[in-house]
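These notes are about the structure you will find just below.
The values are calculated or read from the model by the stated rules, or taken from the named source; none is laboratory data. Computed from a predicted model, the values in this text were never measured in an experiment. Cβ placement follows ideal geometry from the backbone for every residue including glycine, while neighbour counts extend to all protein chains displayed. Heads up: the accessible areas ignore ligands, DNA and RNA and are worked out on the full protein's heavy atoms, side chains in. Shrake-Rupley method; radii C 1.70, N 1.55, O 1.52, S 1.80 Å.
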6 protein chains.
Amino acid sequence: MAEVHLIRRERFSSAHKLSKDEWSPEKNYEVFGKCANPNWHGHNYQLFVTVKGEPDPETGMVIDLKLLKRIILDRVIEDLDHRNIDLDVEWMKGKMSSVENIAIGIWERLEGEIASHGATLHRVRVYETENNIIDYYGG
Amino acid sequence: MAEVHLIRRERFSSAHKLSKDEWSPEKNYEVFGKCANPNWHGHNYQLFVTVKGEPDPETGMVIDLKLLKRIILDRVIEDLDHRNIDLDVEWMKGKMSSVENIAIGIWERLEGEIASHGATLHRVRVYETENNIIDYYGG
Amino acid sequence: MAEVHLIRRERFSSAHKLSKDEWSPEKNYEVFGKCANPNWHGHNYQLFVTVKGEPDPETGMVIDLKLLKRIILDRVIEDLDHRNIDLDVEWMKGKMSSVENIAIGIWERLEGEIASHGATLHRVRVYETENNIIDYYGG
Amino acid sequence: MAEVHLIRRERFSSAHKLSKDEWSPEKNYEVFGKCANPNWHGHNYQLFVTVKGEPDPETGMVIDLKLLKRIILDRVIEDLDHRNIDLDVEWMKGKMSSVENIAIGIWERLEGEIASHGATLHRVRVYETENNIIDYYGG
Amino acid sequence: MAEVHLIRRERFSSAHKLSKDEWSPEKNYEVFGKCANPNWHGHNYQLFVTVKGEPDPETGMVIDLKLLKRIILDRVIEDLDHRNIDLDVEWMKGKMSSVENIAIGIWERLEGEIASHGATLHRVRVYETENNIIDYYGG
Amino acid sequence: MAEVHLIRRERFSSAHKLSKDEWSPEKNYEVFGKCANPNWHGHNYQLFVTVKGEPDPETGMVIDLKLLKRIILDRVIEDLDHRNIDLDVEWMKGKMSSVENIAIGIWERLEGEIASHGATLHRVRVYETENNIIDYYGG
């Protein structure tokens, strides 16, 4: 049968910064540049979630798109959108909010939930800006 | 030698709906939401066709791009553009016009023809909207 | 005081065609080209609504954006999205569904409602495709 | 002679929120929605600066583009990019950081400087997201 | 009656440079920067042509879009696309190929032809890159 | 551990043509179409470089993004931007400047340098236009 990849885009607008409390401001600036500015900055993140599976013979759909959208909103966007990733997001606590770690965190929020509905999470793609993008395919 | 992927974008504007005649309007709406509205709706679809192969040592090209464009127009766009996918397209008859099935249908229209010109179809990507995208790599 | 223009984007996916019942198929094709194909086609329309006014000194906002979004959804998107513009939309009845007429129709749906909330509709912009766009500033 | 408008795009990624200290959290949430979340959120803002004038007969240019870019970076982007608009930006102090007020603030930062180089600022356009945009043409 | 603006996008890919033969390489580099590099560089230009008029009561269209496209291709794109603007384009001879002058040149190529078909050219917009854009409204 | 793909976009604006000196103009035109026009044309190329690796546990980053940007600018963009690929670029000498060969050439310029910093080049993607794109994953 035909395996197909379905990609769904959602967006979130969040504040974050990159810095380590145990480092001096100088060291933080040297490593993270302006991303270390103390009062945070922010981005319009774009999230592309890829789910793979075989289209249902009756509906022609890999997964009910309304369901997939609901899962992404409930498990990811609700937590991140119009929030501070460093201060507000339980599942990012103790991690640097690099776009790499955000993508890994989103994967962990989605993988089981999507599997429980009979589809397979294939990739999480996150745009931080139009120039900086992360793809994560799971561990 | 160096295998390279060439991606060509084309577009088509089509009408379609998602519904099954043997289901009640209520069941269709429950499964397909507003996509089941009876008088059709439509999209500006974007199609990205990926062909792989080794660049010709003389021309530097994987495939003659004018030829690839001609194949995509003749085999796919001519049939779909400014048409109703459910009513007008021979090779979609009897299938739900989900973007999954459209991508699979386009693959079947292109694979042999591209192979007959010495290149290999690698992926068909179809954007239904800026938020809903399908990738198909063949059966 | 400072007059500012606020632009809000919304989208709708609709079917339509361009043809006149009183013309022959040949004449319709001659005038409207493939847009006259009988079983409809469709587009992902993009709508940009521009409202002008002075920012409220307390809130800094020309108009409550949640309200503006609600007005556009209720008065325009609800009617057009996932519909057939020629068959389903009361306020387009008897008009050709050219993007010019769609823009004028949207203006008429929005102008009074926006005025009743103390702001002024300045422009309706509609993208039919990435190549065809209409701006309407009112009669 | 021929007056021409030159538009230059620059970008900045900033944190902000919309809330008034003298209001209760409930009132702030009622007026500003999720934009009032206390720990800030952020955006990839896009700034389009329009300058008008006659092209120099020798160079064909309305204004030296390297100079215009330098002015925008020095007077605007340097202050806003990777900053918190509410906490870090001198010329936004005491104002709500609505995109309306950001556009007005940018106008005030640029108008005199551009005039001192013989050109005229015509419009400041700021995208907060792909859906929310402000145009400001001066007082 | 209702005046409407119709905007049509077309594209061209051209080579050019900015330099004056009567200036030294140093002076050219000082004024035009890397745009003065002697062996040319190039761009994917985007052209947006705005035509205004009243929609025809029968067709709903400001101008026959097939005709407008034909005029733009014949009078502008044919000359510029896959050409060197400095060497190949008769109507740019003796002018710096700044995007300002390209926009003015395109206006002059289109204004009379569009007028002869009963519509009015309103604006020529040219994108040189995603960051550099010119608008021209005529002399 | 978690392997992650980081994608960085950069841009360059260059002139080129496709033609072989040993072929007649007619043969060149037959094979390459308008790309063979003798005085060059040009493009705004977009380059997406994908690097893979495990995020550093301390910084959360696959590679220092400032370093990656520096490598891409020094090894690729500096040579190509505002240049003629056929005349000015040492590492494209003797090759057709097809977008396939440009992508391969960029790979060769980046692979070793990125490896020497502990990361792995995974893919070079080059957009010649919004319709023509090449992906190269190495030999």
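Between copies, how far does the label point of B:Glu22 sit from its twins, in nm, shortest first, when each point is 7 Å from Cα along Cα→Cβ?
When each copy's label point is compared with this one, the spacings are 4.6, 6.4, 6.4, 6.9, 8.3 nm.
I need the P(r) histogram for segment E:34-80: all alpha carbon pairs, bin width 10 Å from 0 out to the longest distance, whole percents.
Binned Cα distances yield the sequence 19, 36, 23, 13, 7, 1.
Where Rh is the Kirkwood radius over the Cα pairs of segment A:77-128, the temperature 37 °C and the viscosity 0.692 mPa s, what D in µm²/s does Stokes-Einstein return? Show your work: numbers first, answer last.
Details: Rh = 11.8 Å.
Result for D is 278 µm²/s.
So what is the accessible area of the protein assembly as shown per residue, in Å², with the probe set to 1.4 Å? Intermediate values should be presented prior to the final figure.
Details: 33290 Å² over 834 residues.
Solvent-accessible surface per residue comes out at 40 Å².
At a 1.4 Å probe, what is the % contribution of carbon and sulfur to the accessible area of the protein assembly as shown?
Using a 1.4 Å probe with all protein chains present, the protein assembly as shown comes out at 46 percent carbon and sulfur.
Select from F:Ser14, F:Ser98, F:Ser116 the residue whose mean-square fluctuation is largest in a Gaussian network model of chain F (Cα-Cα springs shorter than 10 Å).
So, out of F:Ser14, F:Ser98, F:Ser116, the one fluctuating most is F:Ser116.
I need two numbers for segment A:1-103: Rg to one decimal and Dmax as a whole number, Cα atoms only, in Å.
In order Rg, Dmax, the Cα atoms of segment A:1-103 give 17.9, 61 Å.
Name the trypsin sites (Lys or Arg not before Pro) in segment D:62-97 that are in a loop by DSSP and that have at most 15 other C-beta atoms within 10 Å, would you? Could you put the intermediate results ahead of the total?
Working: sites: D:Lys66, D:Lys69, D:Arg70, D:Arg75, D:Arg83, D:Lys93, D:Lys95; in loops: D:Arg83, D:Lys93, D:Lys95.
For trypsin sites (Lys or Arg not before Pro) across segment D:62-97 that sit outside H, G, I, E and B with at most 15 neighbouring Cβ atoms in 10 Å, the list reads D:Lys93.
P(r) for the protein assembly as shown: what percent of alpha-carbon pairs falls in each 20 Å bin, starting at zero?
14, 47, 36, 2
Quick one: check the C-alpha center-to-center distance for segment C:6-85 versus segment D:82-139, whole angstrom.
Going from one Cα centre to the other spans 30 Å.
Which of these, F:Leu65, F:Leu73, F:Leu121, has the largest mean-square fluctuation under a Gaussian network model of chain F (Cα springs below 10 Å)?
Taking springs between Cα atoms under 10 Å, the residue moving most is F:Leu65.
Given a Förster radius of 41 Å and the C-beta distance between A:Glu108 and C:His117 as r, what FRET efficiency does 1/(1 + (r/R0)^6) yield to the nearest 0.05? List each step's numbers first, then the result.
Working: r = 44 Å, r/R0 = 1.07.
The value I calculate is 0.40.
For chain A: lysine pairs with Cα atoms under 25 Å, gap of 8 or more or different chains, count?
14
In nm, what is the difference between 0.36 nm times the number of residues separating C:Lys93 and C:Ser24 and their Cα-Cα distance? Can you show the working numbers first?
Numbers: separation 69, 0.36 × 69 = 24.84 nm, distance 2.06 nm.
Once the chain is fully extended between C:Lys93 and C:Ser24, it gains 22.8 nm.
Shortest first and in nm to one decimal, what separations exist between D:Gly138 and its copies in the other chains, measuring from label points 7 Å along the Cα-to-beta-carbon line?
In ascending order, 2.4, 2.4, 5.7, 6.0, 6.2 nm.
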